[in-house]
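Chemist: Let me begin by handing over the structure; questions about it come next.
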Amino acid sequence: DAICNFVICNDSSLRSQPIIFNPDFFVEKLRHEKPEVFTELVVSNITRLIDLPGAELAQLMGEEDPKLPGANGTAAGFFRSLMSLKRKEKGVVFGSPLTEEGIAQVSQLIEYLHKNLRAEGLFRVPGNSIRQQILKDALNSGTDIDLDSGEFHSNDVATLLKMFLGELPEPLLTHKHFHAHLKIADLTLFDEKGNKTSTPDKERQIEALQLLFLILPAPNRSLLKLLLDLLYQTAKKQDKNKMSAHNLALMFAPHILWPRNVTANDLQENITKLNNGVTFMIKHSQKLFKAPAYIRECARLHYLGSRAHTSKDDLDLLTSPSSKELQPLRSQKRSRLDTCPQEETQQRTEEALKELFRHVHNMPDSAKKKKLIRQFNKHPTALTPGSVPTSPAPRRARSRSFSGLIKRKVLGTPVILERKSRDATPEPERVSKENVHLLQKCGSPAHVSQVKLKSLEGRKEESCRRTRARLLSKDSSSL
(Lines give C-alpha, C1' and ligand atoms only; values in the text may rest on other atoms or scores of the structure.)
Protein backbone atom coordinates (compact mmCIF):
# COMPACT_ATOMS: atom_id res chain seq x y z
CA ASP A 1 0.00 0.00 0.00
CA ALA A 2 3.00 2.30 -0.13
CA ILE A 3 2.77 5.28 -2.47
CA CYS A 4 5.40 5.47 -5.16
CA ASN A 5 8.46 7.62 -4.52
CA PHE A 6 10.19 9.42 -7.38
CA VAL A 7 14.00 9.37 -7.23
CA ILE A 8 16.39 11.06 -9.66
CA CYS A 9 19.03 8.54 -10.70
CA ASN A 10 22.26 9.68 -12.35
CA ASP A 11 23.65 6.19 -12.85
CA SER A 12 23.69 5.60 -16.60
CA SER A 13 23.78 1.81 -16.13
CA LEU A 14 20.35 1.89 -14.45
CA ARG A 15 18.64 4.17 -16.96
CA SER A 16 18.05 1.30 -19.36
CA GLN A 17 15.99 -0.57 -16.74
CA PRO A 18 12.24 -0.71 -17.40
CA ILE A 19 10.14 1.82 -15.47
CA ILE A 20 7.49 0.21 -13.27
CA PHE A 21 4.25 2.15 -13.33
CA ASN A 22 1.69 1.58 -10.60
CA PRO A 23 -1.79 1.85 -12.18
CA ASP A 24 -3.30 2.28 -8.71
CA PHE A 25 -1.04 5.22 -7.82
CA PHE A 26 -3.85 7.81 -7.73
CA VAL A 27 -6.12 5.33 -5.92
CA GLU A 28 -3.59 4.88 -3.12
CA LYS A 29 -2.91 8.61 -3.06
CA LEU A 30 -6.61 9.37 -2.63
CA ARG A 31 -6.95 6.67 0.04
CA HIS A 32 -4.12 8.13 2.15
CA GLU A 33 -4.74 11.83 1.64
CA LYS A 34 -8.57 11.98 1.58
CA PRO A 35 -9.91 8.81 3.23
CA GLU A 36 -13.45 10.16 3.62
CA VAL A 37 -13.75 11.03 -0.07
CA PHE A 38 -12.24 7.67 -1.00
CA THR A 39 -14.59 5.70 1.26
CA GLU A 40 -17.66 7.52 -0.05
CA LEU A 41 -16.59 6.85 -3.64
CA VAL A 42 -16.05 3.12 -3.03
CA VAL A 43 -19.14 2.54 -0.88
CA SER A 44 -21.41 4.28 -3.41
CA ASN A 45 -20.27 1.76 -6.01
CA ILE A 46 -20.66 -1.16 -3.59
CA THR A 47 -24.31 -0.24 -3.02
CA ARG A 48 -24.75 -0.19 -6.80
CA LEU A 49 -23.88 -3.89 -6.90
CA ILE A 50 -25.45 -5.20 -3.69
CA ASP A 51 -28.54 -4.03 -1.86
CA LEU A 52 -27.58 -3.09 1.70
CA PRO A 53 -30.39 -1.90 4.01
CA GLY A 54 -29.80 1.19 6.13
CA ALA A 55 -28.57 -0.68 9.21
CA GLU A 56 -26.13 -2.88 7.26
CA LEU A 57 -24.85 0.12 5.31
CA ALA A 58 -24.26 2.02 8.55
CA GLN A 59 -22.33 -0.99 9.89
CA LEU A 60 -20.20 -1.12 6.75
CA MET A 61 -19.39 2.58 7.11
CA GLY A 62 -18.54 2.08 10.81
CA GLU A 63 -21.39 4.33 11.98
CA GLU A 64 -23.01 1.52 13.98
CA ASP A 65 -21.70 -1.53 15.82
CA PRO A 66 -22.01 -4.70 13.72
CA LYS A 67 -25.03 -6.84 14.59
CA LEU A 68 -23.70 -10.36 14.20
CA PRO A 69 -25.58 -13.65 14.31
CA GLY A 70 -25.75 -15.39 17.67
CA ALA A 71 -27.87 -17.79 19.69
CA ASN A 72 -29.33 -17.43 23.14
CA GLY A 73 -28.88 -21.08 24.07
CA THR A 74 -26.94 -22.06 27.19
CA ALA A 75 -24.60 -24.38 25.32
CA ALA A 76 -23.78 -21.81 22.68
CA GLY A 77 -23.12 -19.18 25.34
CA PHE A 78 -20.76 -21.59 27.15
CA PHE A 79 -18.70 -22.23 24.00
CA ARG A 80 -18.49 -18.51 23.21
CA SER A 81 -17.26 -17.80 26.74
CA LEU A 82 -14.67 -20.56 26.45
CA MET A 83 -13.31 -19.19 23.19
CA SER A 84 -13.13 -15.67 24.58
CA LEU A 85 -11.15 -16.94 27.59
CA LYS A 86 -8.59 -18.53 25.27
CA ARG A 87 -7.98 -15.17 23.63
CA LYS A 88 -7.37 -13.30 26.86
CA GLU A 89 -3.72 -14.40 26.96
CA LYS A 90 -2.35 -11.89 24.47
CA GLY A 91 1.17 -11.85 23.21
CA VAL A 92 3.16 -9.41 21.09
CA VAL A 93 2.00 -11.14 17.90
CA PHE A 94 -0.59 -13.79 18.76
CA GLY A 95 -3.88 -12.55 20.21
CA SER A 96 -3.07 -8.87 19.60
CA PRO A 97 -4.69 -6.53 17.05
CA LEU A 98 -3.11 -6.78 13.62
CA THR A 99 -0.06 -4.55 13.19
CA GLU A 100 2.72 -4.17 10.66
CA GLU A 101 5.11 -5.78 13.14
CA GLY A 102 2.87 -8.81 13.48
CA ILE A 103 2.58 -9.10 9.69
CA ALA A 104 6.37 -8.99 9.37
CA GLN A 105 6.72 -11.89 11.82
CA VAL A 106 3.95 -13.99 10.24
CA SER A 107 5.25 -13.34 6.72
CA GLN A 108 8.19 -15.62 7.63
CA LEU A 109 5.72 -18.50 7.95
CA ILE A 110 4.13 -17.68 4.60
CA GLU A 111 7.49 -17.49 2.81
CA TYR A 112 8.49 -20.88 4.23
CA LEU A 113 5.20 -22.51 3.17
CA HIS A 114 5.63 -21.23 -0.40
CA LYS A 115 8.71 -23.47 -0.58
CA ASN A 116 6.91 -26.53 0.85
CA LEU A 117 3.56 -26.72 -0.92
CA ARG A 118 3.87 -30.39 -1.85
CA ALA A 119 3.27 -31.76 1.66
CA GLU A 120 0.15 -33.94 1.58
CA GLY A 121 -2.71 -32.66 3.70
CA LEU A 122 -1.12 -29.22 4.15
CA PHE A 123 -3.27 -27.07 6.52
CA ARG A 124 -5.42 -30.12 7.29
CA VAL A 125 -2.94 -32.45 9.06
CA PRO A 126 -1.99 -30.96 12.46
CA GLY A 127 1.64 -30.55 13.42
CA ASN A 128 3.51 -31.30 16.62
CA SER A 129 2.16 -29.22 19.52
CA ILE A 130 5.54 -28.92 21.27
CA ARG A 131 7.33 -27.61 18.20
CA GLN A 132 4.41 -25.24 17.54
CA GLN A 133 4.70 -23.75 21.05
CA ILE A 134 8.44 -23.21 20.61
CA LEU A 135 7.85 -21.47 17.30
CA LYS A 136 5.01 -19.39 18.75
CA ASP A 137 7.17 -18.15 21.63
CA ALA A 138 9.95 -17.24 19.25
CA LEU A 139 7.60 -15.18 17.10
CA ASN A 140 6.12 -13.39 20.11
CA SER A 141 9.56 -12.50 21.43
CA GLY A 142 10.82 -11.28 18.07
CA THR A 143 13.67 -13.83 17.98
CA ASP A 144 15.21 -14.61 14.60
CA ILE A 145 14.02 -17.99 13.36
CA ASP A 146 15.70 -20.22 10.82
CA LEU A 147 12.79 -22.24 9.45
CA ASP A 148 15.02 -23.86 6.84
CA SER A 149 17.16 -25.55 9.48
CA GLY A 150 14.90 -28.61 9.47
CA GLU A 151 13.83 -28.19 13.09
CA PHE A 152 10.21 -27.53 12.13
CA HIS A 153 7.91 -29.42 9.76
CA SER A 154 5.69 -27.74 7.16
CA ASN A 155 2.59 -29.00 9.02
CA ASP A 156 3.85 -27.24 12.19
CA VAL A 157 4.15 -23.94 10.32
CA ALA A 158 0.77 -24.35 8.54
CA THR A 159 -1.06 -25.08 11.80
CA LEU A 160 0.61 -22.12 13.53
CA LEU A 161 -0.50 -19.81 10.70
CA LYS A 162 -4.11 -20.87 11.20
CA MET A 163 -3.69 -20.40 14.95
CA PHE A 164 -2.46 -16.84 14.45
CA LEU A 165 -5.48 -15.97 12.30
CA GLY A 166 -7.88 -17.62 14.73
CA GLU A 167 -6.54 -15.65 17.72
CA LEU A 168 -6.98 -12.22 16.13
CA PRO A 169 -9.53 -10.07 18.06
CA GLU A 170 -11.72 -9.99 14.92
CA PRO A 171 -11.62 -11.93 11.65
CA LEU A 172 -9.22 -10.81 8.96
CA LEU A 173 -12.15 -9.61 6.82
CA THR A 174 -13.54 -7.68 9.83
CA HIS A 175 -16.97 -7.75 11.45
CA LYS A 176 -18.14 -4.66 9.54
CA HIS A 177 -17.92 -6.50 6.22
CA PHE A 178 -19.69 -9.68 7.29
CA HIS A 179 -23.15 -8.84 5.89
CA ALA A 180 -21.64 -7.51 2.66
CA HIS A 181 -19.92 -10.86 2.04
CA LEU A 182 -23.23 -12.66 2.50
CA LYS A 183 -24.82 -10.39 -0.11
CA ILE A 184 -21.94 -10.91 -2.54
CA ALA A 185 -22.42 -14.68 -2.29
CA ASP A 186 -26.03 -14.18 -3.44
CA LEU A 187 -25.11 -12.34 -6.66
CA THR A 188 -26.46 -14.44 -9.52
CA LEU A 189 -27.17 -13.96 -13.20
CA PHE A 190 -30.56 -12.91 -14.58
CA ASP A 191 -32.45 -14.59 -17.41
CA GLU A 192 -33.98 -12.84 -20.42
CA LYS A 193 -37.15 -12.01 -18.44
CA GLY A 194 -35.16 -10.40 -15.61
CA ASN A 195 -35.61 -13.24 -13.13
CA LYS A 196 -32.78 -14.47 -10.91
CA THR A 197 -31.09 -17.75 -11.77
CA SER A 198 -28.94 -20.07 -9.68
CA THR A 199 -25.82 -19.34 -11.76
CA PRO A 200 -23.33 -17.10 -9.87
CA ASP A 201 -22.52 -13.78 -11.51
CA LYS A 202 -18.74 -14.06 -11.34
CA GLU A 203 -17.99 -10.67 -12.90
CA ARG A 204 -20.14 -8.78 -10.40
CA GLN A 205 -18.78 -10.84 -7.51
CA ILE A 206 -15.19 -10.03 -8.50
CA GLU A 207 -16.03 -6.34 -8.87
CA ALA A 208 -17.79 -6.25 -5.48
CA LEU A 209 -14.85 -7.97 -3.74
CA GLN A 210 -12.39 -5.57 -5.39
CA LEU A 211 -14.35 -2.64 -3.98
CA LEU A 212 -14.79 -4.23 -0.55
CA PHE A 213 -11.08 -5.01 -0.24
CA LEU A 214 -10.26 -1.36 -1.04
CA ILE A 215 -11.85 -0.18 2.22
CA LEU A 216 -10.25 -2.83 4.42
CA PRO A 217 -7.75 -1.49 6.97
CA ALA A 218 -4.27 -1.41 5.43
CA PRO A 219 -2.77 -4.18 7.65
CA ASN A 220 -5.75 -6.48 6.99
CA ARG A 221 -5.52 -5.92 3.26
CA SER A 222 -1.76 -6.57 3.18
CA LEU A 223 -2.01 -9.84 5.11
CA LEU A 224 -5.10 -10.96 3.16
CA LYS A 225 -3.20 -10.54 -0.10
CA LEU A 226 -0.28 -12.61 1.19
CA LEU A 227 -2.62 -15.31 2.52
CA LEU A 228 -4.85 -15.66 -0.56
CA ASP A 229 -1.81 -15.80 -2.82
CA LEU A 230 -0.41 -18.64 -0.68
CA LEU A 231 -3.69 -20.55 -0.79
CA TYR A 232 -3.94 -19.99 -4.56
CA GLN A 233 -0.49 -21.48 -5.10
CA THR A 234 -1.36 -24.36 -2.75
CA ALA A 235 -4.51 -25.20 -4.73
CA LYS A 236 -2.50 -25.20 -7.97
CA LYS A 237 -0.50 -28.13 -6.57
CA GLN A 238 -3.50 -30.10 -5.34
CA ASP A 239 -2.32 -33.12 -7.33
CA LYS A 240 0.54 -33.38 -4.80
CA ASN A 241 -0.90 -32.00 -1.54
CA LYS A 242 -4.53 -33.16 -2.09
CA MET A 243 -5.82 -29.73 -1.04
CA SER A 244 -8.26 -28.11 -3.46
CA ALA A 245 -9.56 -24.53 -3.18
CA HIS A 246 -12.74 -25.80 -1.51
CA ASN A 247 -10.78 -27.90 1.01
CA LEU A 248 -8.64 -24.89 1.87
CA ALA A 249 -11.76 -22.74 2.27
CA LEU A 250 -13.15 -25.18 4.83
CA MET A 251 -9.92 -24.79 6.82
CA PHE A 252 -9.71 -20.97 6.69
CA ALA A 253 -13.30 -19.65 6.53
CA PRO A 254 -13.78 -19.91 10.33
CA HIS A 255 -10.56 -17.91 10.88
CA ILE A 256 -10.84 -15.12 8.30
CA LEU A 257 -14.61 -14.67 7.77
CA TRP A 258 -16.67 -16.11 10.61
CA PRO A 259 -17.50 -13.62 13.37
CA ARG A 260 -15.68 -14.17 16.63
CA ASN A 261 -17.39 -15.95 19.54
CA VAL A 262 -19.95 -17.72 17.34
CA THR A 263 -20.49 -21.40 16.69
CA ALA A 264 -21.65 -23.34 13.64
CA ASN A 265 -25.17 -23.40 15.09
CA ASP A 266 -25.21 -19.60 15.19
CA LEU A 267 -24.48 -19.38 11.45
CA GLN A 268 -26.74 -22.28 10.38
CA GLU A 269 -27.63 -21.89 6.67
CA ASN A 270 -24.95 -19.21 6.11
CA ILE A 271 -22.07 -21.67 6.52
CA THR A 272 -22.34 -22.88 2.93
CA LYS A 273 -22.38 -19.29 1.64
CA LEU A 274 -19.32 -18.37 3.68
CA ASN A 275 -17.34 -21.44 2.62
CA ASN A 276 -18.23 -20.90 -1.04
CA GLY A 277 -17.27 -17.26 -0.69
CA VAL A 278 -13.78 -18.11 0.56
CA THR A 279 -13.44 -20.72 -2.21
CA PHE A 280 -14.25 -18.01 -4.76
CA MET A 281 -11.66 -15.67 -3.22
CA ILE A 282 -8.95 -18.33 -3.47
CA LYS A 283 -9.71 -19.14 -7.10
CA HIS A 284 -9.79 -15.47 -8.21
CA SER A 285 -7.21 -14.06 -5.81
CA GLN A 286 -5.04 -12.73 -8.64
CA LYS A 287 -7.80 -10.30 -9.69
CA LEU A 288 -9.21 -9.13 -6.37
CA PHE A 289 -6.49 -6.66 -5.34
CA LYS A 290 -6.68 -4.48 -8.43
CA ALA A 291 -8.87 -1.41 -8.27
CA PRO A 292 -11.65 -1.37 -10.91
CA ALA A 293 -10.88 0.77 -13.94
CA TYR A 294 -13.54 3.36 -13.14
CA ILE A 295 -12.16 3.84 -9.60
CA ARG A 296 -8.72 4.47 -11.10
CA GLU A 297 -10.20 6.97 -13.53
CA CYS A 298 -12.14 8.77 -10.78
CA ALA A 299 -9.02 9.06 -8.62
CA ARG A 300 -6.94 10.28 -11.57
CA LEU A 301 -9.50 12.91 -12.57
CA HIS A 302 -9.77 14.02 -8.95
CA TYR A 303 -6.11 15.04 -8.90
CA LEU A 304 -5.96 16.37 -12.46
CA GLY A 305 -8.70 18.88 -11.71
CA SER A 306 -11.18 17.50 -14.24
CA ARG A 307 -14.75 16.50 -13.56
CA ALA A 308 -14.62 13.29 -11.55
CA HIS A 309 -17.25 10.64 -12.28
CA THR A 310 -18.81 9.27 -9.12
CA SER A 311 -19.80 5.82 -10.33
CA LYS A 312 -19.29 3.24 -13.03
CA ASP A 313 -22.54 4.30 -14.72
CA ASP A 314 -21.00 7.65 -15.65
CA LEU A 315 -17.83 6.06 -17.02
CA ASP A 316 -19.84 3.51 -19.03
CA LEU A 317 -21.51 6.35 -20.88
CA LEU A 318 -18.10 7.76 -21.85
CA THR A 319 -16.76 4.38 -22.98
CA SER A 320 -19.92 3.27 -24.78
CA PRO A 321 -19.60 2.15 -28.43
CA SER A 322 -21.50 5.21 -29.64
CA SER A 323 -19.14 7.59 -27.86
CA LYS A 324 -16.08 5.66 -29.08
CA GLU A 325 -17.23 6.20 -32.65
CA LEU A 326 -17.47 9.93 -32.00
CA GLN A 327 -13.95 10.22 -30.57
CA PRO A 328 -12.02 10.07 -33.89
CA LEU A 329 -14.30 12.77 -35.28
CA ARG A 330 -13.73 15.24 -32.46
CA SER A 331 -10.31 16.38 -33.67
CA GLN A 332 -11.70 16.98 -37.16
CA LYS A 333 -14.65 18.93 -35.80
CA ARG A 334 -12.39 21.17 -33.74
CA SER A 335 -10.37 22.10 -36.84
CA ARG A 336 -13.35 23.41 -38.79
CA LEU A 337 -16.35 25.59 -38.05
CA ASP A 338 -19.34 23.87 -36.54
CA THR A 339 -22.12 24.39 -39.06
CA CYS A 340 -24.97 23.20 -36.84
CA PRO A 341 -23.95 22.98 -33.14
CA GLN A 342 -27.51 22.55 -31.92
CA GLU A 343 -28.07 19.44 -34.06
CA GLU A 344 -24.78 17.91 -32.93
CA THR A 345 -25.57 18.61 -29.26
CA GLN A 346 -29.03 17.11 -29.65
CA GLN A 347 -27.59 14.02 -31.32
CA ARG A 348 -25.02 13.48 -28.58
CA THR A 349 -27.66 13.95 -25.91
CA GLU A 350 -29.90 11.43 -27.63
CA GLU A 351 -27.08 8.86 -27.87
CA ALA A 352 -26.18 9.34 -24.20
CA LEU A 353 -29.81 8.99 -23.11
CA LYS A 354 -30.23 5.80 -25.12
CA GLU A 355 -27.10 4.31 -23.57
CA LEU A 356 -28.21 5.38 -20.07
CA PHE A 357 -31.71 3.96 -20.59
CA ARG A 358 -30.26 0.65 -21.83
CA HIS A 359 -27.80 0.45 -18.91
CA VAL A 360 -30.51 1.11 -16.31
CA HIS A 361 -32.76 -1.50 -17.90
CA ASN A 362 -30.00 -4.14 -17.66
CA MET A 363 -29.11 -3.31 -14.05
CA PRO A 364 -30.05 -5.93 -11.42
CA ASP A 365 -32.93 -5.22 -9.09
CA SER A 366 -31.80 -2.78 -6.43
CA ALA A 367 -32.84 0.40 -4.69
CA LYS A 368 -30.74 2.47 -7.05
CA LYS A 369 -32.39 0.93 -10.11
CA LYS A 370 -35.85 1.67 -8.71
CA LYS A 371 -34.85 5.25 -8.04
CA LEU A 372 -33.55 5.72 -11.59
CA ILE A 373 -36.72 4.21 -13.05
CA ARG A 374 -38.81 6.62 -10.99
CA GLN A 375 -36.81 9.50 -12.42
CA PHE A 376 -37.46 8.22 -15.95
CA ASN A 377 -41.18 8.06 -15.20
CA LYS A 378 -41.25 11.60 -13.78
CA HIS A 379 -39.57 13.13 -16.85
CA PRO A 380 -40.50 10.90 -19.78
CA THR A 381 -40.16 13.62 -22.41
CA ALA A 382 -36.74 14.68 -21.17
CA LEU A 383 -35.18 11.29 -20.37
CA THR A 384 -36.79 8.68 -22.57
CA PRO A 385 -34.87 8.00 -25.79
CA GLY A 386 -36.72 9.02 -28.92
CA SER A 387 -38.57 11.92 -27.32
CA VAL A 388 -36.80 14.67 -29.24
CA PRO A 389 -38.68 17.98 -29.31
CA THR A 390 -39.94 18.68 -32.79
CA SER A 391 -39.06 21.99 -34.40
CA PRO A 392 -41.89 24.10 -35.89
CA ALA A 393 -42.61 23.46 -39.55
CA PRO A 394 -41.07 26.03 -41.90
CA ARG A 395 -43.47 28.56 -43.40
CA ARG A 396 -44.26 27.98 -47.02
CA ALA A 397 -43.33 30.61 -49.51
CA ARG A 398 -46.28 32.67 -50.63
CA SER A 399 -47.34 31.92 -54.20
CA ARG A 400 -48.60 34.57 -56.61
CA SER A 401 -51.63 33.74 -58.77
CA PHE A 402 -52.49 35.13 -62.22
CA SER A 403 -55.58 36.89 -60.86
CA GLY A 404 -53.53 38.94 -58.42
CA LEU A 405 -51.02 39.88 -61.10
CA ILE A 406 -53.83 40.95 -63.48
CA LYS A 407 -55.47 43.11 -60.81
CA ARG A 408 -52.21 44.88 -59.99
CA LYS A 409 -51.44 45.37 -63.68
CA VAL A 410 -54.89 46.76 -64.54
CA LEU A 411 -54.97 49.04 -61.49
CA GLY A 412 -51.55 50.44 -62.34
CA THR A 413 -49.56 48.75 -59.53
CA PRO A 414 -46.10 47.90 -60.79
CA VAL A 415 -45.45 44.23 -61.11
CA ILE A 416 -42.70 43.05 -58.77
CA LEU A 417 -40.78 40.28 -60.40
CA GLU A 418 -39.91 37.45 -58.02
CA ARG A 419 -36.42 36.13 -57.75
CA LYS A 420 -35.64 33.03 -59.64
CA SER A 421 -36.44 30.15 -57.30
CA ARG A 422 -33.93 27.38 -56.71
CA ASP A 423 -36.66 24.82 -57.08
CA ALA A 424 -37.64 24.05 -60.65
CA THR A 425 -41.30 23.43 -59.84
CA PRO A 426 -43.65 25.14 -57.38
CA GLU A 427 -45.64 23.26 -54.76
CA PRO A 428 -48.26 21.10 -56.45
CA GLU A 429 -51.21 22.15 -54.25
CA ARG A 430 -50.67 25.84 -55.07
CA VAL A 431 -50.34 25.46 -58.85
CA SER A 432 -53.34 26.43 -60.92
CA LYS A 433 -54.41 24.72 -64.10
CA GLU A 434 -53.14 27.58 -66.22
CA ASN A 435 -49.71 27.47 -64.56
CA VAL A 436 -49.49 23.70 -65.10
CA HIS A 437 -50.36 24.21 -68.77
CA LEU A 438 -47.68 26.88 -69.14
CA LEU A 439 -45.08 24.72 -67.37
CA GLN A 440 -45.80 21.77 -69.58
CA LYS A 441 -45.63 23.96 -72.67
CA CYS A 442 -42.57 26.05 -71.84
CA GLY A 443 -40.35 24.17 -69.43
CA SER A 444 -38.17 26.70 -67.55
CA PRO A 445 -39.42 29.21 -64.96
CA ALA A 446 -37.73 32.10 -66.84
CA HIS A 447 -39.60 31.25 -69.98
CA VAL A 448 -42.83 30.97 -68.02
CA SER A 449 -42.40 34.49 -66.63
CA GLN A 450 -41.91 35.89 -70.17
CA VAL A 451 -45.05 34.14 -71.36
CA LYS A 452 -46.92 35.52 -68.35
CA LEU A 453 -45.88 39.10 -69.18
CA LYS A 454 -46.90 38.77 -72.83
CA SER A 455 -50.22 37.34 -71.80
CA LEU A 456 -50.75 40.18 -69.35
CA GLU A 457 -49.98 42.82 -71.99
CA GLY A 458 -52.41 41.22 -74.42
CA ARG A 459 -55.15 41.07 -71.81
CA LYS A 460 -54.57 44.73 -70.89
CA GLU A 461 -54.96 45.85 -74.52
CA GLU A 462 -58.11 43.78 -74.86
CA SER A 463 -59.52 45.28 -71.67
CA CYS A 464 -58.75 48.83 -72.81
CA ARG A 465 -60.41 48.16 -76.18
CA ARG A 466 -63.56 46.89 -74.53
CA THR A 467 -63.64 49.88 -72.17
CA ARG A 468 -63.41 52.33 -75.10
CA ALA A 469 -66.16 50.49 -76.95
CA ARG A 470 -68.39 50.64 -73.86
CA LEU A 471 -67.81 54.40 -73.43
CA LEU A 472 -68.51 55.05 -77.12
CA SER A 473 -71.73 53.09 -76.92
CA LYS A 474 -72.89 55.13 -73.88
CA ASP A 475 -72.08 58.41 -75.60
CA SER A 476 -73.98 57.40 -78.72
CA SER A 477 -77.02 56.35 -76.69
CA SER A 478 -77.06 59.59 -74.76
CA LEU A 479 -77.01 61.54 -78.00
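The values are calculated or read from the model by the stated rules, or taken from the named source; none is laboratory data. Predicted model only: the values in this text are computed from it and were never measured. Backbone-built Cβ (ideal geometry, glycine too); neighbour counts: all protein chains shown. Accessible surface areas use protein heavy atoms only, side chains included; no ligands, DNA or RNA. Shrake-Rupley method; radii C 1.70, N 1.55, O 1.52, S 1.80 Å.
Chemist: Please work out which one of (1) open to solvent by less than 20 Å² (accessible area, probe 1.4 Å); (2) under 30 Å from Met363 (Cα atoms); (3) at pLDDT below 95 is the condition Leu214 fails and give its number.
Modeler: Only one criterion in (1) open to solvent by less than 20 Å² (accessible area, probe 1.4 Å); (2) under 30 Å from Met363 (Cα atoms); (3) at pLDDT below 95 is unmet by Leu214, namely (3).
Chemist: Which residue, of Leu139, Leu168, Leu161, Leu224, is open to solvent by less than 20 Å² (accessible area, probe 1.4 Å) and within 17 Å of Lys287 (Cβ to Cβ)?
Modeler: Leu224
Chemist: Specify which of the listed residues (Leu173, Leu189) is outside any helix (DSSP H, G or I) and open to solvent by 30 Å² or more (accessible area, probe 1.4 Å).
Modeler: Of the residues listed, the single one that is outside any helix (DSSP H, G or I) and open to solvent by 30 Å² or more (accessible area, probe 1.4 Å) is Leu189.
Chemist: Here's another thing I want to ask about it. Which numbered condition trips up Gln59, out of (1) modelled with pLDDT of 90 or more; (2) open to solvent by less than 40 Å² (accessible area, probe 1.4 Å); (3) under 25 Å from Ser222 (Cβ atoms)?
Modeler: Going through the list (1) modelled with pLDDT of 90 or more; (2) open to solvent by less than 40 Å² (accessible area, probe 1.4 Å); (3) under 25 Å from Ser222 (Cβ atoms), Gln59 breaks only (1).
Chemist: While we're on this one: Select from the stretch 148-158 the residues that are open to solvent by less than 70 Å² (accessible area, probe 1.4 Å) and at pLDDT 90 or above and list them in ascending order.
Modeler: Hits for the stretch 148-158 are Phe152, Ser154, Asn155, Asp156, Val157, Ala158.
Chemist: For the stretch 100-159, what are the residues that are in contact with a Lys or Arg (Cβ under 9 Å, 6 or more places away or on another chain) and part of a loop (DSSP other than H, G, I, E, B)?
Modeler: Of everything in the stretch 100-159, those that are in contact with a Lys or Arg (Cβ under 9 Å, 6 or more places away or on another chain) and part of a loop (DSSP other than H, G, I, E, B) turn out to be Leu117, Arg118, Ala119, Glu120, Gly121, Leu122, Phe123, Arg124, Glu151, Phe152, His153.
Chemist: Still on this structure, please answer the following. Give the stretch 104-132 a look and list any residue that's hydrophobic (A, V, I, L, M, F, W, C), surrounded by fewer than 16 Cβ atoms within 10 Å (Cβ to Cβ) and closer than 22 Å to Pro219 by Cβ, or say none.
Modeler: Ala104
Chemist: Taking the criterion of being over 22 Å from Leu274 (Cβ atoms) and of a type in the set (S, T, N, Q), would at least one residue in the stretch 182-191 satisfy it?
Modeler: Checked against the condition, which is being over 22 Å from Leu274 (Cβ atoms) and of a type in the set (S, T, N, Q), the stretch 182-191 yields no hits at all.
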